[in-house]
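What follows is a short report on a single structure.
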Amino acid sequence: MTAYIIGTGAYVPEQVVTNTALQEYVDTTDEWIVSRTGIKERRIAAPGESASMLGVEAARNALEDAGVPAQDVTHVLLGTFSPDAYIPATAYALRHHLGVPRGMAMDVSAACSGFLFALETARAILALHPEAIVLVVGSEVISSRLNWKDRSTCVLFGDGAGAVVVTSKPTSGSAEVVDVLLDGDGSLSELLVVRGGGSSAPLKLGEPVGDDFFVQMQGREIFKHAVRSMATITQSLLEKHGLKASDIDLVIPHQANIRIIESLASRLEIPMDKVFVNIEKYGNTSAASIPIALAEARREALIPPGSNVMLTAFGGGLNWAAALLRF
Ligand code: UT7
């Protein structure tokens, strides 16, 4: 059973927060953020704007692009680490906002790799149910889980959503999902955590929320693992399909840090003009970063028919993933 991406869409909140604006909250500078990360600004959700609300806008755009009415969607998969709530799954809130409350919906918890883990799950669903029309979304309101006093994390992230429609029937301009590889290492889980409120660190009635309620990470360590793991899994996927790096027309990597992206490109020996970058506008939007970038790359006509496109991500887990698309 072959899966095809027949539509892509993205949505980001209206509010733009520049690096200069962040100087009001934390001891940082525009110069430090741009030179160390490549980020110039990010979008931040309005109060009350949740992951399901951003996700449904991206989903509507993807469905319109695919020419598929919302009521035809059979399955909804949502990669997120900033869900609307613990229960119910945010994918159900998204389904409801979409106007098709009935049917399967599920959140996929794989942090920044969430979209690719959900894409592979979509392929599994299609293998069992070839008639399925699967909506795969990555949506994050990370601003709700940032410690705005911690300069080592709060400058890096942004809010947003991206979505794709996946079916077993190709359409003109659709992309074949040739293959997806997923991997991870739970022994590295301490490097990136949001522990507070989980069953290992429960909230107690009346106690104030502590630092562990927010994203905590060891940036330098993650940086090294990110480059190594994305390069390794990308090379494995290329080898599996008898391809060389030069056969790739465009790499769409997770947008976490321009220096990670450049190091990855250098390891893969792929020139930066074949690597899609939009981190300057959005920062790290976690599970949303790849579907937003994919939708933008298509909108900017950067993916002509016949292109081999490599997606690759890494995130808290630690985990990492790669997907090969053929347009
Ligand atoms: O999707 C997965 C999510 N995680 C990531 O992608 C994180 C990957 N890691 C990174 O992107 C980088 O490690 C960071 C951008 C987080 C940090 O860059 P770095 O070059 O590794 O900096 P560093 O942590 O080694 O810190 C260098 C200096 C430190 O000061 P001292 O100790 O040298 O005096 C930090 O305190 O930069 C300081 N610093 C800042 N200065 C101004 C850290 N954050 C900031 C900041 N503004 N926002």
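As for region 20-40, it holds at least one residue that is crowded, with 18+ Cβ neighbours inside 10 Å, farther than 28 Å from Gly197 by Cβ and not assigned by TED's automatic domain parsing to the domain that holds Asn278. The residues on offer are Leu54, Leu78, Leu94, and the sole one that is in a strand (DSSP E or B), away from the ligand (no atom under 16 Å from the Cβ), outside the structural domain of Asn257 (by TED's automatic domain parsing) and open to solvent by less than 10 Å² (accessible area, probe 1.4 Å) is Leu78. When Leu243 is tested against (1) among the hydrophobic types (A, V, I, L, M, F, W, C); (2) more than 30 Å from Ile87 (Cα to Cα); (3) within 13 Å of the ligand (Cβ to nearest atom); (4) in a loop (DSSP other than H, G, I, E, B), just one condition goes unmet, and that condition is (3). Within region 253-291, the set of residues being within 14 Å of the ligand (Cβ to nearest atom) and aromatic (Phe, Trp, Tyr) comprises Tyr282 only.
Do you know which residues across region 32-44 are touching a strand residue (DSSP E or B) at 6+ places or on another chain (Cβ under 9 Å) and near the ligand (Cβ under 7 Å from one of its atoms)? Let's see the steps before the verdict.
Residues of region 32-44 that are touching a strand residue (DSSP E or B) at 6+ places or on another chain (Cβ under 9 Å), as a first pass: 37, 39-44.
Once the filter is applied, which keeps residues that are touching a strand residue (DSSP E or B) at 6+ places or on another chain (Cβ under 9 Å) and near the ligand (Cβ under 7 Å from one of its atoms), region 32-44 yields only Thr37.
Beta carbons closer than 6 Å, at least 6 apart along the sequence or on distinct chains, pair a first residue in region 312-327 that is within 9 Å of the ligand (Cβ to nearest atom) with a second that is open to solvent by less than 10 Å² (accessible area, probe 1.4 Å) for Ala313/Ser113; Ala313/Leu116; Ala313/His254; Ala313/Ile290; Ala313/Ala321; Phe314/Ala226; Phe314/Met230; Gly315/Ser113.
Of all the residues in region 17-31, those that are near the ligand (Cβ under 10 Å from one of its atoms) and free of Cβ contacts under 8 Å to residues at least 24 places away in the same chain number 4.
Rundown of residues vs (1) closer than 24 Å to Gly184 by Cβ; (2) open to solvent by less than 30 Å² (accessible area, probe 1.4 Å), yes/no style:
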site	(1), (2)
Leu268	yes, yes
Asp273	no, no
Asn278	no, yes
Thr285	yes, yes
Ile290	yes, yes
Glu296	no, yes
Gly316	yes, yes
Trp320	yes, no
Leu325	yes, yes
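Could you tell me which of the residues Ser174, Ser168, Ser200 is more than 24 Å from Ser52 (Cβ to Cβ), open to solvent by 70 Å² or more (accessible area, probe 1.4 Å) and away from the ligand (no atom under 16 Å from the Cβ)? Step through it out loud before you land on a result.
On the way: Ser174 fails: open to solvent by 70 Å² or more (accessible area, probe 1.4 Å); Ser168 fails: open to solvent by 70 Å² or more (accessible area, probe 1.4 Å).
When all the criteria are applied, what remains is Ser200.
On the given criteria, is Val277 assigned to a strand (DSSP E or B) and modelled with pLDDT of 95 or more?
Spelling it out, it is not the case that Val277 is assigned to a strand (DSSP E or B) and modelled with pLDDT of 95 or more.
Take the conditions surrounded by 15 or more Cβ atoms within 10 Å (Cβ to Cβ) and touching a Lys or Arg at 6+ places or on another chain (Cβ under 7 Å) and apply them to Ile248. Does it pass? When the stated conditions are applied, Ile248 passes them. Within region 205-227, residues that are under 18 Å from Arg267 (Cβ atoms) reach no partner that is acidic (Asp, Glu) and away from the ligand (no atom under 16 Å from the Cβ) with beta carbons closer than 6 Å at six or more positions or on different chains.
Checking Ile260 against (1) closer than 25 Å to Ser109 by Cα; (2) of a type outside the set (D, E, K, R); (3) assigned to a helix (DSSP H, G or I); (4) in contact (Cβ under 8 Å) with a residue 40 or more places away in the chain, only one condition comes out false. Which one? Ile260 satisfies all of (1) closer than 25 Å to Ser109 by Cα; (2) of a type outside the set (D, E, K, R); (3) assigned to a helix (DSSP H, G or I); (4) in contact (Cβ under 8 Å) with a residue 40 or more places away in the chain except (4). The residues of region 125-156 that are open to solvent by 10 Å² or more (accessible area, probe 1.4 Å), within 15 Å of the ligand (Cβ to nearest atom) and not in a helix (DSSP H, G or I), listed by number, are Asn147, Trp148, Lys149, Asp150, Leu156. If the condition is being more than 9 Å from the ligand (Cβ to nearest atom), hydrophobic (A, V, I, L, M, F, W, C) and either outside any loop (DSSP other than H, G, I, E, B) or assigned by TED's automatic domain parsing to the domain that holds Cys154 (or both), then region 206-233 contributes Phe213, Val227, Met230, Ala231, Ile233.
Table: residues versus (1) without any contact (Cβ under 8 Å) to a residue 12 or more places away in the chain; (2) over 25 Å from Glu296 (Cβ atoms).
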{"site": "Val56", "(1), (2)": "no, no"}
{"site": "Ala62", "(1), (2)": "no, no"}
{"site": "Asp65", "(1), (2)": "no, no"}
{"site": "Gly79", "(1), (2)": "no, no"}
{"site": "Pro101", "(1), (2)": "yes, yes"}
{"site": "Ala105", "(1), (2)": "no, yes"}
{"site": "Ala111", "(1), (2)": "no, no"}
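Does Ile87 satisfy being open to solvent by less than 60 Å² (accessible area, probe 1.4 Å) and β-branched (Val, Ile, Thr)? Here the answer is no, as Ile87 does not meet what is asked.
The values are calculated or read from the model by the stated rules, or taken from the named source; none is laboratory data. All figures in this text were calculated on a predicted structure; none of them were measured in a lab. Neighbour counts run over all protein chains shown; Cβ positions are idealised from the backbone, glycine included. Side chains included, ligands, DNA and RNA excluded: accessible areas come from the protein's heavy atoms. Shrake-Rupley method; radii C 1.70, N 1.55, O 1.52, S 1.80 Å.
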